[in-house]
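Just below is one structure, and these are the notes that go with it.
The values are calculated or read from the model by the stated rules, or taken from the named source; none is laboratory data. Not measured: the values here are computed from a predicted model. All Cβ positions, glycine included, derive from the backbone under ideal geometry; neighbour counts span all protein chains shown. Side chains included, ligands, DNA and RNA excluded: accessible areas come from the protein's heavy atoms. Shrake-Rupley method; radii C 1.70, N 1.55, O 1.52, S 1.80 Å.
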Amino acid sequence: MTWHRAIFGSAAALFLAAVGRDQFDDWVDATVIPPLVIETGAEVLDRHGDLLRAYQVDDGRWRLQADVASVDAGYLRMLVAYEDKRFYEHAGIDVVAIARAAGQAIRYRRMVSGASTLTMQTARLLEDSGTGRWEGKLRQARLALALERRLTKAEILNLYLQRAPFGGNLEGVRAATLAYFGKEPVRLTQAQSALLVALPQAPEARRPDRRVQAAHRARDRVLERMEKAGVIDAGTAEAAMTEAPAEGRKSFPLTAPHLADRVLADAVGARVETTIDGPLQRSLERLAQQSVRVQDRQLSIAIVVADHRTGEVLASVGSPDFNDDAREGYVDMTRALRSPGSTLKPFVYGLGFDRGMVHPETLMNDRPQSFGTYAPVNFDGQFRGQLRVREALQQSLNLPVVSLLDGIGPSNLSGALRRAGAQIEVPGDQSGLAIGLGGLGVSLHDLVQAYASLARGGQTIALSETPKDGAPLGSRLLSQKSAWYVTDILSGIAPPANAREREIAYKTGTSYGHRDTLAIGYDGRHVVGIWMGRPDGTPVPGAFGAAIAAPVLFQAFERLKTQADPLAAAPVDALLVSNAELPKPLRTFKGRGQILGEPDRPKIAFPPNGAKIASQGDGLYVQIRNGAPPFSWLANGAPVAANSWERQMEIAATGRGYLTVTVVDAKGRSAKTQVFVD
C-alpha cells in the first residue's frame, strides 16, 4: 500500500534526526555518487550562438545541454512552486512535506501528496532508478542529501533540466521545447511552461504529440495551482488556458547539415561554434531548393558565401535537400572536385598581366590555332578575329586564353591555384593547356577561396568555417595592379536578364559536356560561388553557367545584402590608357600557336546533294562546315537569312518537289545542295 511508504518515510526522517550528528554525516558522506557529467548530444552553432544542427546521444535519445541561465525564468518559478516549493530552503529532503504526506496517508489510508523533492527526483534520474519500493526512496533521499553537500542549487537544477523525461526519446527541457514548440527554452509562454512542468510526472501518458487532450488537461491543472499559489494571476491563468496546445512533434534543426558533419568531425568537444550566419544560411537553402525545383530531377546545387576581408564563411549549402536521394542530397558539392570550366580564365589573364605580357587593352587574335596536337575551339565554334583582352575575357573566348597560357606555362597556373590554397587534381599529373579551360578538378570552396584573393587585390587568404583570425596564406597570388585589372574587366560583364544592376565582378563557367555550371562573383566585401550539375557527373543537356548559375548568383547577393559594397579603386600604378597609348610591345600579343589557314570554302554538311527528304510539315535543317561567317542563306534563289553567324538554318519545306539551298560566306564563296522533298 502506498500509504505504508509515507509512514516509512516519516519514520526514516525521525530515525535520521535521532542518530548522532557525526554518524549521520559519515553516512551521508559515504554515499556513492553516480557520475555528474551528463552526456548530451553534439551541437553545431552559428556565429550568433543559435543552433544549426543537433545530434542525438549514442542511445538515440535527444538530450541537449541546458542550464538555469538558458531557461525561461517563469518556467523555473512554476517548476519549483509545483514540485518543491521549499527547494531553496531544505538540504535535500523536505521534512515538512514528509510529515504532511505521512499524516495524509494515515488519515485517508492512501497517498494524497508526495514528498519527493527536486533534488530527490534528480537523484532518481542520475541513477535511473524507479520509485516503487521504499528502499529506492531511501536511496534517493540519501543521494539527495549528498548532492546538496556537493552541489549548488543551480547545479542541481541544471542536472534536472538535462535529464527530466518529456516523452518518447526526449530528455531535458531543451529537447522538449525544440520538439514540441520549435524554439529554445529561453522564452516560453505561461501555457508552454505549465505543460513542461506537467510532462515529467507522466511523460508517456501526457505526450502532446500523441495524447493531446491529456496534455491539455495536465497543463491546465498546473496553471490552476500556480494561480492559487500566487505565481500567476487569474487573468494570466485564464489566458494561458485558451492557448492552443502543442500538437505533433517538430523536426530538430538541420541547417547546414553537410558543414555541421564536417566541422564536428574535426572538432574537440561536442559544442562547435561556426562562422555561419544562420538566417542567411536558411535563406540560401531555400534559394537552392527553388532554383532546382523546376529543373532536371537529378540536378543539384551548391552555394558558398564568404567575407573575403576576414576569411569567414557565412553560408555553405552542400545540396538543395540533405534528404533528397534522387539528387544525391547527402553529397556535399561544396567540397567535391569538379571541373571549373571557364572560371579559371581570370587567373590566366591575371598571370599575363603580372608578367607584362598583356594589358586589358592589348589586341589578341581569336583565330584557329594549334598548339602541337592541341587545337581548341570556342564554345560556339565561331572566331572573332582581332579583339582586346578585355573583350576576350568578357566573352570567355577559348583561343586567346589558351594562346596566353601557352606563353605563361600551364604549371604556373596550377602553382598559382595552389598558392591560393586550392587543392587541385590534374589528370595524369600533367598540367596541359587544357587546364586553362577547366581541365582539372577543384572544389567550389577552393574556387571561392581563389576568387577571394582576386577580390583582396591579389593577397591570398584561407577561408574558415570556424572562428579564427583571418590571416593571409603567406603568399601573393597576383600583384594588386593585376588583380584590379581582372576585377575591372569582370565587373563590366552584363548581369543576367532580369537581374538587378549592381557592381559585381563575376565569371561563369561550363565544363565539357555540360557536366558542371558555375558562377563566381564578388564585390568589395563578399565573394559568392554557385555550382549546379549532377553529383554523379553525368551531363545536363543544354545547361550553361550564364543561363542557370549566374541568375542564382545575383539572387544570392540580393539575399546577402541590399546594396553591394564598392569594389576597390584603381591602384596608383594601374595603366589606364587606350591601345594606341600602350607601349608598343603591349599593343598586340602574338602567341606561339600555329595560326591555321582561313577556313576552306563552305560545304553543305547536311543534307547531302541529291537526297530525298520525307517532309512531315516541319522545316528542313541544313548544316554547313568551313566557310567564313557571317553567312547568307537562300532557298530556290530567295533570301532566307543574311549576316547570320549560325552554321545551321531551318529552311521552310512544306511543299513537294525540288529544293535548292545556297549559302554564301563573308568572302563570297558559296555552296549549295539540291534535295527532293517528298
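Side notes on the structure shown:
- Of the numbered criteria (1) surrounded by fewer than 17 Cβ atoms within 10 Å (Cβ to Cβ); (2) not in a helix (DSSP H, G or I), the one Trp531 fails is (1).
- Cβ-Cβ under 6 Å pairs, at least 6 apart or on other chains, segment 430-446 side open to solvent by less than 30 Å² (accessible area, probe 1.4 Å), far side at pLDDT below 90 and among the β-branched types (Val, Ile, Thr): Leu440/Val426
To keep it simple, each residue is scored yes or no on (1) closer than 24 Å to Arg476 by Cα; (2) under 29 Å from the mean Cα position of the chain (by Cα); (3) among the β-branched types (Val, Ile, Thr).
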| residue | (1), (2), (3) |
| --- | --- |
| Val305 | yes, yes, yes |
| Glu312 | yes, yes, no |
| Ser319 | no, yes, no |
| His359 | yes, no, no |
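- Odd one out for Phe379, checked against (1) aromatic (Phe, Trp, Tyr); (2) in contact with a Leu (Cβ under 6 Å, 6 or more places away or on another chain); (3) surrounded by fewer than 23 Cβ atoms within 10 Å (Cβ to Cβ): (2)
- Here the strands (runs of 3 or more DSSP E) wholly within segment 573-678 that include at least 1 residues being open to solvent by 30 Å² or more (accessible area, probe 1.4 Å) and under 30 Å from Met364 (Cβ atoms) are 603-606, 620-625, 631-635, 638-644, 648-651, 657-664.
- Meets criteria (closer than 25 Å to Ser319 by Cα, modelled with pLDDT of 90 or more, open to solvent by 40 Å² or more (accessible area, probe 1.4 Å) and not hydroxyl-bearing (Ser, Thr, Tyr)) for Gln449: no
- In segment 352-366, the residues that are open to solvent by less than 10 Å² (accessible area, probe 1.4 Å) reach residues that are among the basic types (Lys, Arg) with C-beta atoms within less than 6 angstrom, at least six apart or across chains, in these pairs: Pro360/Arg390; Asp366/Arg384.
- Of all residues in segment 503-528 being open to solvent by 10 Å² or more (accessible area, probe 1.4 Å) and part of a loop (DSSP other than H, G, I, E, B), the one that is nearest to Ala550 (Cα to Cα): Glu503
- Checklist (1) in a helix (DSSP H, G or I); (2) open to solvent by 40 Å² or more (accessible area, probe 1.4 Å); (3) more than 28 Å from Ser116 (Cβ to Cβ) applied to Arg187, failing item: (1)
- The residues of segment 264-280 that are out of contact with any strand residue (DSSP E or B) (no Cβ under 6 Å at 6 or more places or on another chain), more than 15 Å from Lys468 (Cβ to Cβ) and at pLDDT below 95, listed by number, are Ala265, Gly269, Ala270.
- Comparison of Lys603, Lys612, Lys590, Lys584 shows that the only residue that is at pLDDT 80 or above, farther than 30 Å from Gly356 by Cβ and of a type in the set (Lys, Arg) is Lys603.
- Among the residues here, Pro400 does not qualify as buried (at least 18 other Cβ atoms within 10 Å of the Cβ) and out of contact with any Phe, Trp or Tyr (no Cβ under 9 Å at 6 or more places or on another chain).
So that you can scan it fast, the table gives a plain yes or no per residue for (1) part of a loop (DSSP other than H, G, I, E, B); (2) crowded, with 18+ Cβ neighbours inside 10 Å; (3) touching a residue at least 24 places away in the same chain (Cβ under 8 Å); (4) within 19 Å of the chain's Cα centre (by Cα):
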{"site": "Pro34", "(1), (2), (3), (4)": "yes, no, yes, no"}
{"site": "Glu39", "(1), (2), (3), (4)": "yes, no, yes, no"}
{"site": "Val44", "(1), (2), (3), (4)": "no, yes, yes, yes"}
{"site": "Gly49", "(1), (2), (3), (4)": "yes, no, yes, yes"}
{"site": "Asp58", "(1), (2), (3), (4)": "yes, no, no, no"}
{"site": "Ala66", "(1), (2), (3), (4)": "yes, yes, yes, no"}
{"site": "Ala69", "(1), (2), (3), (4)": "no, no, no, no"}
{"site": "Gly74", "(1), (2), (3), (4)": "no, yes, yes, no"}
{"site": "Arg77", "(1), (2), (3), (4)": "no, no, yes, no"}
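- Scanning segment 537-564 for residues that are out of contact with any Pro (no Cβ under 9 Å at 6 or more places or on another chain), surrounded by fewer than 21 Cβ atoms within 10 Å (Cβ to Cβ), among the hydrophobic types (A, V, I, L, M, F, W, C) and in a helix (DSSP H, G or I) yields a single hit, Leu560.
- The residues listed here are Asp296, Asp324; of these, the one that is without any contact (Cβ under 8 Å) to a residue 12 or more places away in the chain and either assigned to a loop (DSSP other than H, G, I, E, B) or closer than 12 Å to Trp531 by Cα (or both) is Asp324.
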